[in-house]
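Student: My structure is below; once you've seen it, I'll send some questions.
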Amino acid sequence: NRQIVLAERPKGEPDTNTLRMVETDIPEPAEGQMLLRTIYLSLDPYMRGRMSDAPSYAPPVEIGGVMVGGTVARVVASKIDGFTEGDWVLSFNGWQDYALSDGEGVLNLGQAPAHPSWALGVLGMPGFTAWAGLTQIGAPKPGETIVVAAATGPVGATVGQIGKILGCRVVGVAGGPEKCAYAVDELGFDACIDHKAPDFAEQLGQAVPDGIDIYFENVGGKVLDAVIPNLNLKSRIPLCGLVSQYNATALPEGPDRMNWFLGQVLRKRITVQGFIIFEDFGHLYPDFAAQMGDWVKSGRIKYREEMIDGLENAPKALIGLLRGENFGKRVIRVAQD
Ligand code: NDP
């Protein structure tokens, strides 16, 4: 049983010393347990947070502990009601080949789900984050303008596509012309601006002639800086993530603009609301699952996945994700099903 454990807490960007692979025996399920074999491991930006012992909404991974992570797995052996050998499940095995589970928090996907790995993306946590953050905090009305960064990732792509379904103008922000072209041509965004362009802020301003009513915040940093002057009266900011800052070891250089920003919030009566998806909106999951299932099945919402083979490649793949090297939802194929 290969496991990837946290070897040391990274300072700044994680590197090849941060995580380490170890071998252990495959565990035996006791009465009331099942043995799961990981097929797909989800890679997500929050994993950087779990490497740190700074205070957060969830406890850190211990040094020597198996890295946490959402997984799609198959039941190898079951001594528990409701799960039988061969079932596909959405579970939280972490970065390892096999895990024991008592079934708590495990969702049975049945014997033959159409796209099992999608439960880690558009049909699971990231899709739910997009749907709940946009509809519950963003509260979009037809004709309003939405801006979302990380526009081709599982959260941003879904936010933008829901925005279009709800009749809004949607402007994405993404890293590079290829991602931007995909957001417009494939996902149907009205525009997408490359945050690496030297005149990024100017281009963003031109793409939102009526200002911004909803800024779905995924990244922070210079994207947020460029957004603030364009925010409308009574605009809403679902504060979902700040991925540009996850590897930061200090606050950015330059003038402290906190009071300027709060002045904007005050005068324009802007709502900024942070949220942690299952803590705040867990009770809405069934509504999400029904709605998103329909949208995905009918093709109204598209989903792009970037599959990488081999558990051993997961550390490098996570480092790359935090740098924006992924194009779509990054998933590790740990085993062939
Ligand atoms: P993505 O797959 O979109 O990956 C992160 C993306 O962020 C990168 O691909 C890159 O896209 C972009 N990025 C990275 N660094 C920068 C930077 N310096 N400036 C601008 N963009 C950058 O991630 P997810 O869709 O899984 O997650 C999106 C956000 O949602 C994250 O902040 C995550 O933490 C948050 N989240 C929050 C949850 C909650 O409960 N609050 C739950 C789930 C996710 P590009 O190259 O296009 O810039």
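Student: Every residue in the range 69-102 that is surrounded by fewer than 20 Cβ atoms within 10 Å (Cβ to Cβ) and either aliphatic (A, V, I, L, M) or not assigned by TED's automatic domain parsing to the domain that holds Met34 (or both), please.
Tutor: Across the range 69-102, the qualifying residues are Val76, Ala77, Ile80, Leu100.
Student: Only one residue in Gly205, Gly220, Gly211, Gly188 is within 12 Å of the ligand (Cβ to nearest atom) and either farther than 20 Å from Leu322 by Cβ or small (Gly, Ala, Ser) (or both), so which one is that? It would help to see each step written out before you state the result.
Tutor: Values: Gly205 fails: within 12 Å of the ligand (Cβ to nearest atom); Gly211 fails: within 12 Å of the ligand (Cβ to nearest atom); Gly188 fails: within 12 Å of the ligand (Cβ to nearest atom).
Checking each option against the conditions leaves just Gly220.
Student: While we're here: Here is a list of conditions, (1) in contact with a helix residue (DSSP H, G or I) (Cβ under 7 Å, 6 or more places away or on another chain); (2) in contact (Cβ under 8 Å) with a residue 12 or more places away in the chain; (3) not assigned by TED's automatic domain parsing to the domain that holds Pro238, and Ser56 meets all of them except one; can you say which number that is?
Tutor: With respect to (1) in contact with a helix residue (DSSP H, G or I) (Cβ under 7 Å, 6 or more places away or on another chain); (2) in contact (Cβ under 8 Å) with a residue 12 or more places away in the chain; (3) not assigned by TED's automatic domain parsing to the domain that holds Pro238, Ser56 is out only on (2).
Student: Here's something else I'd like to know. Any residue in the range 152-163 that's touching a residue at least 24 places away in the same chain (Cβ under 8 Å): show its pairings with residues that are part of a helix (DSSP H, G or I) and polar (S, T, N, Q) at Cβ separation under 7 Å, as long as the two are six or more apart or on different chains.
Tutor: Between residues of the range 152-163 that are touching a residue at least 24 places away in the same chain (Cβ under 8 Å) and residues that are part of a helix (DSSP H, G or I) and polar (S, T, N, Q), the close pairs are Val155/Thr129.
Student: I'm checking my understanding of the structure. Among residues of the range 137-154 that are within 9 Å of the ligand (Cβ to nearest atom) and among the small types (Gly, Ala, Ser), which one is farthest from Phe200 (Cα to Cα)?
Tutor: Start the filter on the range 137-154 by keeping residues that are within 9 Å of the ligand (Cβ to nearest atom), which leaves 149-154.
Now restrict to residues that are among the small types (Gly, Ala, Ser): 149-151, 153.
Working: Ala149: 12, Ala150: 14, Ala151: 15, Gly153: 19 Å.
The residue in question is Gly153.
Student: Limited to the range 109-140, what total is found for residues that are hydrophobic (A, V, I, L, M, F, W, C) and not in a loop (DSSP other than H, G, I, E, B)?
Tutor: Let us first name the residues in the range 109-140 that are hydrophobic (A, V, I, L, M, F, W, C), namely 109, 112, 114, 118-120, 122-123, 125, 128, 130-132, 134, 137, 139.
Pick out the ones that are also not in a loop (DSSP other than H, G, I, E, B) and you get 109, 118-120, 125, 128, 130-132, 134, 137.
Number of matching residues: 11.
Student: Another question, then. Considering only the range 234-242, I want to know if a residue exists there that is within 20 Å of Gly328 (Cα to Cα), away from the ligand (no atom under 12 Å from the Cβ) and either over 21 Å from the mean Cα position of the chain (by Cα) or crowded, with 20+ Cβ neighbours inside 10 Å (or both).
Tutor: Taking the range 234-242 as the starting set, the residues that turn out to be within 20 Å of Gly328 (Cα to Cα) are 240-242.
Subsequent filtering for residues that are away from the ligand (no atom under 12 Å from the Cβ) retains none.
No, there is no match, as no residue in the range 234-242 is within 20 Å of Gly328 (Cα to Cα), away from the ligand (no atom under 12 Å from the Cβ) and either over 21 Å from the mean Cα position of the chain (by Cα) or crowded, with 20+ Cβ neighbours inside 10 Å (or both).
Student: Give the residues of the range 282-305 that are among the aromatic types (Phe, Trp, Tyr), part of a helix (DSSP H, G or I) and within 14 Å of the ligand (Cβ to nearest atom), sorted by residue number.
Tutor: Within the range 282-305, the subset among the aromatic types (Phe, Trp, Tyr) is 285, 288, 295, 303.
Applying the additional criterion that residues be part of a helix (DSSP H, G or I) yields 285, 288, 295.
Scanning the range 282-305 gives Tyr285, Phe288.
Student: Okay, moving on. Report whether or not Ile319 is outside any helix (DSSP H, G or I) and within 16 Å of the ligand (Cβ to nearest atom).
Tutor: Working: outside any helix (DSSP H, G or I): no; within 16 Å of the ligand (Cβ to nearest atom): yes.
When the stated conditions are applied, Ile319 does not pass them.
Student: Between a residue in the range 185-205 that is in the same structural domain as Ile162 (by TED's automatic domain parsing) and any residue that is part of a loop (DSSP other than H, G, I, E, B) and surrounded by fewer than 19 Cβ atoms within 10 Å (Cβ to Cβ), which pairs come within a Cβ distance under 7 Å, given they are 6 or more apart or on different chains?
Tutor: Every condition considered, the pairs that remain are Glu186/Lys302; Leu187/Lys302; Asp194/Gly176; Lys196/Gly176; Gln203/Ala197.
Student: I need the full set of residues from the range 64-86 which are in contact with a Lys or Arg (Cβ under 7 Å, 6 or more places away or on another chain) and either in a loop (DSSP other than H, G, I, E, B) or more than 19 Å from Leu43 (Cα to Cα) (or both), in order please.
Tutor: Residues of the range 64-86 in contact with a Lys or Arg (Cβ under 7 Å, 6 or more places away or on another chain): 68, 73-74, 76, 86.
Val68, Val76, Gly86, listed by residue number.
Student: Take the conditions in the same structural domain as Val159 (by TED's automatic domain parsing), of a type in the set (Ser, Thr, Tyr) and crowded, with 16+ Cβ neighbours inside 10 Å and apply them to Tyr246. Does it pass? Show your work before the answer.
Tutor: On the way: in the same structural domain as Val159 (by TED's automatic domain parsing): yes; of a type in the set (Ser, Thr, Tyr): yes; crowded, with 16+ Cβ neighbours inside 10 Å: yes.
Yes; evaluated as a whole, the condition is true for this residue.
Student: Something else about it: Taking the criterion of being under 25 Å from Gln291 (Cβ atoms), touching a Gly at 6+ places or on another chain (Cβ under 6 Å) and either aliphatic (A, V, I, L, M) or modelled with pLDDT of 95 or more (or both), would at least one residue in the range 169-182 satisfy it?
Tutor: Scanning the range 169-182, I find at least one residue that is under 25 Å from Gln291 (Cβ atoms), touching a Gly at 6+ places or on another chain (Cβ under 6 Å) and either aliphatic (A, V, I, L, M) or modelled with pLDDT of 95 or more (or both), so the answer is yes.
A quick yes/no check of all residues on (1) in contact with a helix residue (DSSP H, G or I) (Cβ under 7 Å, 6 or more places away or on another chain); (2) more than 18 Å from Val148 (Cα to Cα); (3) among the hydroxyl-bearing types (Ser, Thr, Tyr); (4) more than 16 Å from the ligand (Cβ to nearest atom):
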residue: Thr249; (1), (2), (3), (4): no, yes, yes, no
residue: Pro252; (1), (2), (3), (4): no, yes, no, no
residue: Asn259; (1), (2), (3), (4): no, yes, no, yes
residue: Ile277; (1), (2), (3), (4): yes, no, no, no
residue: Asp280; (1), (2), (3), (4): no, yes, no, no
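Student: Looking at (1) buried (at least 19 other Cβ atoms within 10 Å of the Cβ); (2) touching a Ser or Thr at 6+ places or on another chain (Cβ under 7 Å); (3) under 22 Å from Leu204 (Cα atoms), can you tell me which one Ile277 breaks?
Tutor: (3)
Student: If you don't mind, another one. Show the residue pairs that are 6+ apart or on different chains and have beta-carbon atoms under 8 Å apart, the first residue being within the range 301-324 and farther than 20 Å from Val72 by Cα and modelled with pLDDT of 95 or more, the second being in a loop (DSSP other than H, G, I, E, B) and among the polar types (S, T, N, Q).
Tutor: Lys316/Thr16; Gly320/Asn326; Leu322/Asn247
The values are calculated or read from the model by the stated rules, or taken from the named source; none is laboratory data. Nothing here was measured: the structure is a model prediction, and the numbers come from that model. Glycine gets a Cβ as well: all are built from the backbone with ideal geometry, and neighbour counts include every protein chain shown.
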